[in-house]
1. Can you name the residue in the range 69-93 that is within 13 Å of ligand 2 (Cβ to nearest atom) and more than 13 Å from residue 137 (Cα to Cα) and, of all such residues, is surrounded by the fewest Cβ atoms within 10 Å (Cβ to Cβ)?
2. Which numbered condition trips up residue 26, out of (1) within 14 Å of residue 138 (Cβ to Cβ); (2) more than 16 Å from ligand 1 (Cβ to nearest atom)?
3. Considering only residues of the range 1-18 that are loosely packed, with under 13 Cβ neighbours inside 10 Å and part of a helix (DSSP H, G or I), which is farthest from ligand 2 (Cβ to nearest atom)?
4. Would you confirm, using the coordinates I've provided, whether residue 113 is surrounded by 12 or more Cβ atoms within 10 Å (Cβ to Cβ), away from ligand 1 (no atom under 16 Å from the Cβ), at pLDDT below 95 and under 21 Å from residue 125 (Cα atoms)?
5. Residue check, residue 96 against (1) free of Cβ contacts under 8 Å to residues at least 12 places away in the same chain; (2) within 16 Å of ligand 2 (Cβ to nearest atom); (3) under 18 Å from residue 141 (Cα atoms), all met but one. Which one?
6. Given the conditions (1) assigned to a strand (DSSP E or B); (2) at positive phi, report the number of the one that residue 108 does not fulfil.
7. Can you work out which of the residues in the range 43-66 that are surrounded by fewer than 16 Cβ atoms within 10 Å (Cβ to Cβ) and modelled with pLDDT under 95 is nearest to ligand 2 (Cβ to nearest atom)?
8. Please go through the range 86-100 and pick out each residue that is out of contact with any strand residue (DSSP E or B) (no Cβ under 7 Å at 6 or more places or on another chain) and not in a helix (DSSP H, G or I).
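The values are calculated or read from the model by the stated rules, or taken from the named source; none is laboratory data. This structure is a prediction, so every number in the text was calculated from the model and none was measured. Neighbour counts run over all protein chains shown; Cβ positions are idealised from the backbone, glycine included.
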Ligand code: PD2
Ligand code: ZN
């Protein structure tokens, strides 16, 4: 796939998206500001062409004294050409569960359990596009509880 990044505070539209994600995740206003004091990354925009995929992986990682990604919000920017056109997001350990939410919808999932341990059920990937293309953007949210410089909620 190919990708680019949109800065979270680069425009009123972007700021509005981040505020709406805070509402969705029931986080305090400004929690997802990028950089110092915030716990979200910039928005990634991804394009998949035919046969392009994202092999199953975890968004969390383990590192000494480091933060980890905690939750992922996927924004589906276009519709599948038809139901068999591929490009579904797949959660192999949940059935598998395959999701293509369609233009204008989001999927939110957590990569860490409530106790801060990694959730192996969060394994996920993007299945190959068979026909047409897939446009998706995502925001990765960091684990606020692991950031010792600040109190969470
Ligand atoms: O495009 C997707 O469905 C997808 C699949 C796996 C996105 C991500 N991971 C991600 O943004 O982390
Ligand atoms: Zn991922």
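1. 92
2. Unmet condition: (1).
3. 12
4. Spelling it out, residue 113 is indeed surrounded by 12 or more Cβ atoms within 10 Å (Cβ to Cβ), away from ligand 1 (no atom under 16 Å from the Cβ), at pLDDT below 95 and under 21 Å from residue 125 (Cα atoms).
5. Every condition holds for residue 96 apart from (3).
6. Of (1) assigned to a strand (DSSP E or B); (2) at positive phi, only one is false for residue 108: (2).
7. Result: 61.
8. 95
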